[in-house]
Amino acid sequence: LCRWGLTSLPNPLNTLVAIRRMLTPNGSFATSVWEVEPKGRPLASLAVAVAREMFDLPSPRPGAPSLSGSAENALEKEMIHAGFTDVRVEEMTLILELPSTEDCTQYLMDVSPDFAVLLSDKSSGQQAEYRQRLAEKLRQYMIVDGSVRIPNVTICAVGRR
């Protein structure tokens, strides 16, 4: 099982080939990846967009590992190319629910070391402005009580050796 880590690796295809080789005969491997931004992880997409606007961050580096196009199609093709059989792929929507936009920012800091480091060296004024700008972008996901419900799309796949 590999949950949301495959695309963070330098060469997802080589990793899939190695995993398949380590499975027992007829063994199964299950994985998931996020759909391509921003559909996959809207909160992360918005957070990065605001950070780029405010802090002049570089664009993602060329050649960064990814499953280009539709993650569903790419993942299925990569698993088949790696030698898996009986490959099944399914899209799922996961709802991230947090009490407020401020909790969304805190959640990002808790789950993303890179994001926490990015904000840690900013002044308190810059951090407050960042939080305000992100909150404005998140209004589209707010419900009547002020909480935030953000749909995230993940692709789940399973294949056999």
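The values are calculated or read from the model by the stated rules, or taken from the named source; none is laboratory data. Quick caveat: nothing in here was measured; it's all calculated off a predicted structure. Here Cβ is always computed from backbone atoms with ideal geometry, including for glycine, and neighbour counts include all displayed protein chains. Note: areas computed on protein heavy atoms with side chains; ligands, DNA, RNA excluded. Shrake-Rupley method; radii C 1.70, N 1.55, O 1.52, S 1.80 Å.
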Sum of side-chain charges, PRO42 neighbourhood, beta-carbon under 12 Å (Lys, Arg +1; Asp, Glu -1): +2
Positive-pole candidate from SER112, ILE155, TYR130, dipole of the stretch 106-161, charges at beta carbon: ILE155
Virtual paramagnetic centre 7 Å along Cα→Cβ of ASP103, amide N under 20 Å, in the stretch 122-161: 131-153
Probe 1.4 Å, protein heavy atoms only - accessible area per residue of the chain in square angstrom: 59 Å²
Ordering of 102-115, 39-52 by burial proxy (mean other Cβ atoms within 10 Å per residue, highest first): 39-52, 102-115
Global geometry of the stretch 100-161, whether rounded, prolate or oblate, following the gyration tensor of its Cα atoms and the 1.5 cut on a/c: oblate
Lys, Arg +1 and Asp, Glu -1 on Cβ, resulting dipole of the stretch 1-147 about Cα centre, debye, nearest 20: 400 debye
Cleavage-rule hits (chymotrypsin sites (Phe, Trp or Tyr not before Pro)) in the stretch 1-54: DSSP loop, at most 11 neighbouring Cβ within 10 angstrom: none
Partner lysines for LYS39 [C-alpha distance under 26 Å; skip if fewer than 8 residues away on the same chain]: LYS77, LYS137
